[in-house]
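Novice: Once you've had a glance at the structure underneath, I'll fire off some questions.
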Ligand code: 13P
């Protein structure tokens, strides 16, 4: 596929896989995707499996991501994990502001922007998630909601940091529901986000930022979604838990 930006496809394993299971999946993906150079592939296991998977992936072209991190660098923050701790395990990416964290942990745009800045300070690339709920879409608020999230979550980033960041548009109603946004619905929001980035940063920065789509991405719909002008990859949940289905998403996107 001839794209303006290199595709980045990430698997968000969420709260799944023991260390032993994670290693089986990671080994399988390493084998399955050995030849893939055209797409940046990232896997995001739970914290407990990062160290083992990191060692397993040393000789692989697959990069490692975490699913969250603290906005603080160290100290009395029980249960939190700092960016530097992730870097020590050769983690390169970190998912921030996933809708599940926005919903269950009440993460705000302001908190997410602090985390994004802390990630960059530690040379981790944030994958910043935004997306509207079904109610918000049906009441015609998609653009307003996405704009507030994009502006708030990326506040304070420099142009250089923005270029090194990834955005993920994940309509909440499409996550884990089997309901994918149509490629046109997704493309429309991606184009809207890119226009917003022009106004927040500049044309060049906006052109370089990769925006992933997430929400029920599968091998069967990957090609059409990835074929859209402003869709530069995918953030995959359920289908990233299986060697064949994640491998096929990537192969169908090339
Ligand atoms: P599903 O692919 O399971 O819909 O999950 C999407 C997601 O939330 C990825 O972060």
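Novice: Contact order normalised by length for region 37-170, with contacts defined as Cα pairs under 8 Å and 6 or more residues apart; what percent is it?
Specialist: Details: 201 pairs, mean separation 28.6, N = 134.
RCO, region 37-170: 21 percent.
Novice: Per 0.36 nm of contour for each residue apart, how much would the distance between residue 143 and residue 88 grow if the chain were fully extended, relative to their Cα-Cα spacing? It would help to have the intermediate numbers written out before the result.
Specialist: Details: separation 55, 0.36 × 55 = 19.80 nm, distance 3.81 nm.
Separation in residues times 0.36 nm, less the Cα-Cα distance, equals 16.0 nm.
Novice: Oh, and also: Suppose the chain between residue 151 and residue 135 were pulled fully straight at 0.36 nm per residue; how much longer would it get relative to their current alpha carbon spacing?
Specialist: Contour length minus the Cα-Cα distance gives 3.7 nm.
Novice: Sorting check: for 69-77, 228-236, 151-159, which peptide has the highest mean count of neighbouring beta carbons within 10 Å, and how do the rest follow? Before the final figure, lay out the partial values.
Specialist: Details: 69-77: 14.0, 228-236: 23.4, 151-159: 17.7.
Final packing ranking: 228-236, 151-159, 69-77.
Novice: Which whole-number percent gives the relative contact order of the chain, counting Cα pairs below 8 Å spaced six or more residues apart?
Specialist: Numbers: 490 pairs, mean separation 52.0, N = 254.
With pairs under 8 Å counted, the relative contact order is 20 percent.
Computed from the coordinates by the stated procedures, all read-outs in this text should not be read as laboratory data. Nothing here was measured: the structure is a model prediction, and the numbers come from that model. Every residue, glycine among them, receives a Cβ derived from its backbone with ideal geometry; neighbour counts consider all protein chains shown.
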